[in-house]
1. Rounding to the nearest 10 and keeping the result within 0 to 90°, find how far the Cα-based axis of helix 238-254 lies from the longest principal axis of the chain.
2. Taking the Cβ of Ser9 as the centre, find all other residues whose Cβ is under 15 Å away and add up their charges (Lys, Arg: +1; Asp, Glu: -1).
3. Based on Cβ point charges of +1 for Lys and Arg and -1 for Asp and Glu, what charge dipole magnitude is obtained for the chain about its Cα centre, in debye rounded to the nearest 20?
4. For helix 129-142, report the angle its Cα long axis makes with the longest principal axis of the Cα atoms of the chain; keep it between 0 and 90° and round to the nearest 10°.
5. Measure nothing fancy, just the Cα-based angle from helix 298-308's long axis to the longest principal axis of the chain, in degrees from 0 to 90, nearest 10.
6. For Ala200, what is the net charge nearby, where nearby means another residue's Cβ is under 9 Å from its Cβ and Lys, Arg count +1, Asp, Glu -1?
7. Figure the gain on full extension for Asp305 and Glu255 (residue separation times 0.36 nm, minus the Cα-Cα span) and round it to one decimal in nm.
8. With a 10 Å cut-off between alpha carbons and a GNM built on the chain, which of Ser14, Ser180, Ser142 moves the most?
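All of the numbers you see were taken from the coordinates with simple rules; none came from a lab. Quantities reported herein were computed from a predicted structural model and do not represent experimental measurements. All Cβ positions, even for glycine, are placed from backbone atoms using ideal geometry, and neighbour counts span all protein chains on display.
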Amino acid sequence: MQWRNVGGSGQLVSVLGLGTMTWGMDVDEEAAREQLRVFVEAGGTLISTAARFSDGQAEAVLGSLLGDVVARSEVVLAVLGGVPRGWSAGRLDVSRKGLLDSLDASLSRLGTDSVDFWLAPAADAGVPVEETLQALDWAYRSGRARYVGVTNHTGWELARACATAGFPITVHETEYSLLSRGVEQEVLPASDAFGVGTFAWAPLGRGALTGKYRSQLPADSRAASEQWAGYLEPYLSGRAARITDAVCTAARGLELSPADVALRWLLHRPTVASAVLGARTGAQLKDLLACALAPLPEQISGVLDEVSAPR
């Protein structure tokens, strides 16, 4: 496993991270234990979780495994703060109180007194950005978070946060893959300008870039379930399907898996420190962690750049 510095900081993380979005929901504690074991045995360190995942159950499951499967000191925890407002489930509470309450709850569920990265979600028009930044500042200065960052910001939001904060914003977690390259237009240039590292979530296009959905939907896959169908559907047809076909063609020529090709392409983009993977089983995760991650041949990378260029 390769490690990289996050942005301009001295903190190293594994270039492949472990996501926990489905823990406590589709992934029970036994399956989570197996995933965590496979991950740390492969040399992985970065684990990404969130207060809102499975209403806190993802953090609770992870907390129950820390100190058992792996020591807390041997992993790097990135926690996404914020929980839905009680009166609007579609909006996260980014007020000072809402964020700090969610941090206290996260620390309790994880069974630790600090996290390595704590990230605030995108701003809410009803909350001044200065208030959200005050919460990050308090967490940073109190030692409850060793580094702080943000998630799912637009380019101007990220630039505003970095310019306004009186402390370093170290990382931005955002969706990024061959099927989702919009961040290259403004977000990544802002990250580069301010020395902010990138954690890429859904690096395999929400699973589409593995190629397993090209001909049919496996009955046991997330795409076949009513709960996840809407999450995956945008990446299963039209232009997205053509990009996946190009990745699979490149994979056959290079004698690699489509996932390996997609991850190699992503991990050699500017500012990317880690690609955060999600899996249903330990076996799936083990296959992904086996990717060699050496740079793609220049010609292949160029073709993929052209086919997937953002509109």
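1. Tilt relative to the chain: about 70 degrees.
2. Overall, the nearby charge balance is -1.
3. 300 debye
4. Roughly 80 degrees between the two axes.
5. Result, in degrees: 70.
6. It works out to a net charge of -1.
7. Going from the current span to full extension adds 16.0 nm.
8. Sorting by GNM fluctuation, first place goes to Ser142.
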